[in-house]
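Only one structure is covered here, and it is reproduced in the block below.
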Amino acid sequence: MVDLFEILIGKEGDKDYQKKPVIVQGITGKFGAFHTQQMLAYGTNIVAGVTPGKGGQKLEGVPIYETMNEAVGATGAKISIIFVPAKFFLSAAKDALEAGIKLLIAIPEHVPVKDALTIVELAKKKDAIVIGPNTPGIIIPGVMKIGIMPASPFKPGRIAVISRSGTLMYESSHNLSVANFGQSICLGIGGDPINGTPLIEAFDIIRNGANIDGVIVVGEIGGDAEEMLAQHIIDTKFDKPVVAYIAGRAAPKEKRMGHAGAIVYGNYGSAESKVSMYTKANVPVAKRPAEIPMLLAGKLGKGRIK
């Protein structure tokens, strides 16, 4: 299994242990330009941007290239973040993966399902990771952020956060930070129907990080991702503390709420179904985000709540 930390910062002790270079696709658009400035301010190592027709220009000192082949050739970067509109996502993602990108952060929402499936299959062939579409991105607090999340909710520490919801990733991390539980890494898997990295795979690429004491999983009603993860935790005998939160408990059945996947049919995808499976896996489920640090403290046996 690929180690996400190794892709982002390398292995501790290696001569190349550092913040890895990042390319921004769609860097000259309003959204891309704004978040490039925010990522640079946070300390992310952005080395290039790509916008067809804008090659040779610079944004905040970052050189802009016509194609991903040119950008990767000039920088050696293996990480890219995409800010292009959904209708251009397929072309941009293909260019990135064909150029040798190994971690692709897909920000656009409402990407056509066919396009998302095409990129998921191509990523598998290229041994690459796609986070998203419709993701807030990834942050290693205090080190780097590749995405659109605000900086303030996060603080450095040893708790990993995986979330199906961007906003709830921020809220959960804020509650952890206030309770003195810093985060080692936080990532949003994306709210579109197709996830480049589903919940179980996201769990597996961060679970064995040497700097992780526990994992927070923020889910929502709809689908069976949480049930499958609970079974996976049981099957793999994962022994670090896991705490969960499920959004949408009060949502009416057979009505979509927010994300495309957040819909319940009968008991399928219901909060009750997810809580039941998590209980079997010895994973406590918070009733609201503010309870997450309290449950985590109980699992860790540490009195960190102030």
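The values are calculated or read from the model by the stated rules, or taken from the named source; none is laboratory data. The structure presented is a predicted model; accordingly, all values stated were derived computationally and were not measured. FYI the Cβ positions are ideal-geometry reconstructions off the backbone, even for glycines, and counts take in every protein chain you see. In case anyone asks, the SASA skips ligands and DNA or RNA and just uses the protein heavy atoms, side chains included. Shrake-Rupley method; radii C 1.70, N 1.55, O 1.52, S 1.80 Å.
Looking at the structure I just gave you, is residue 98 more than 26 Å from residue 173 (Cβ to Cβ) and assigned by TED's automatic domain parsing to the domain that holds residue 8?
Numbers: more than 26 Å from residue 173 (Cβ to Cβ): yes; assigned by TED's automatic domain parsing to the domain that holds residue 8: yes.
Criteria met by residue 98.
Filter region 76-106 down to the residues that are in contact with a helix residue (DSSP H, G or I) (Cβ under 8 Å, 6 or more places away or on another chain) and in a loop (DSSP other than H, G, I, E, B), then identify the one that is surrounded by the most Cβ atoms within 10 Å (Cβ to Cβ).
Only one residue fits best here, namely 101.
Looking at 166, 142, 137, which one is of a type in the set (Gly, Ala, Ser) and in the same structural domain as residue 296 (by TED's automatic domain parsing)?
On the way: 142 fails: in the same structural domain as residue 296 (by TED's automatic domain parsing); 137 fails: in the same structural domain as residue 296 (by TED's automatic domain parsing).
The conditions single out 166.
Report, ordered by the first and then the second residue, all pairs with beta carbons closer than 6 Å, sequence separation of six or more or different chains, a first member in region 63-88 that is assigned by TED's automatic domain parsing to the domain that holds residue 32 and under 23 Å from residue 9 (Cβ atoms), and a second member that is in a helix (DSSP H, G or I) and open to solvent by 40 Å² or more (accessible area, probe 1.4 Å).
Taking only residues 6 or more apart or on different chains, the pairs are 68/95; 83/31.
Find all pairs meeting these conditions: Cβ atoms under 6 angstrom apart; at least six residues apart or on different chains; first residue within region 134-160 and under 19 Å from residue 197 (Cβ atoms); second residue basic (Lys, Arg) and open to solvent by less than 10 Å² (accessible area, probe 1.4 Å).
Qualifying pairs under 6 Å: 139/145.
Hey, residue 54 hits all of (1) in a strand (DSSP E or B); (2) in contact with a Ser or Thr (Cβ under 8 Å, 6 or more places away or on another chain) but one; which does it fall short on?
For residue 54, the failing item is (1).
Of everything in region 225-246 that's over 19 Å from the mean Cα position of the chain (by Cα) and among the acidic types (Asp, Glu), which residue is least open to solvent (accessible area, probe 1.4 Å)?
Ranking the candidates gives 227 first.
Would you mention how many residues in region 194-209 are aliphatic (A, V, I, L, M) and crowded, with 24+ Cβ neighbours inside 10 Å? Spell out how you get there, then give the answer.
Let us first name the residues in region 194-209 that are aliphatic (A, V, I, L, M), namely 194, 199-200, 202, 205-206.
Still in the running and crowded, with 24+ Cβ neighbours inside 10 Å: 202.
The number of residues fulfilling the criteria is 1.
Please verify whether region 121-143 includes one or more residues that are closer than 18 Å to residue 298 by Cα and either more than 13 Å from the chain's Cα centre (by Cα) or open to solvent by 20 Å² or more (accessible area, probe 1.4 Å) (or both). Give the steps one after another, and end with the answer.
Initially, region 121-143 is screened for residues closer than 18 Å to residue 298 by Cα, giving none.
The answer is no; no qualifying residue exists.
Being open to solvent by 10 Å² or more (accessible area, probe 1.4 Å) and not in a loop (DSSP other than H, G, I, E, B) is the filter here; which residues of region 57-75 pass it?
58, 59, 63, 65, 69, 70, 72, 73, 74, 75
Say we look at region 144-193 and pick out the residues that are part of a helix (DSSP H, G or I) and open to solvent by less than 40 Å² (accessible area, probe 1.4 Å); which of these is nearest to residue 32 (Cα to Cα)?
Here is the first cut: in region 144-193, the residues part of a helix (DSSP H, G or I) are 166-178.
Add one more test, that the residue is open to solvent by less than 40 Å² (accessible area, probe 1.4 Å), and what stays is 166, 168-169, 172-173, 175-177.
On the way: 166: 18, 168: 23, 169: 21, 172: 26, 173: 24, 175: 28, 176: 29, 177: 28 Å.
So, considering only residues that are part of a helix (DSSP H, G or I) and open to solvent by less than 40 Å² (accessible area, probe 1.4 Å), the one nearest to residue 32 (Cα to Cα) is 166.
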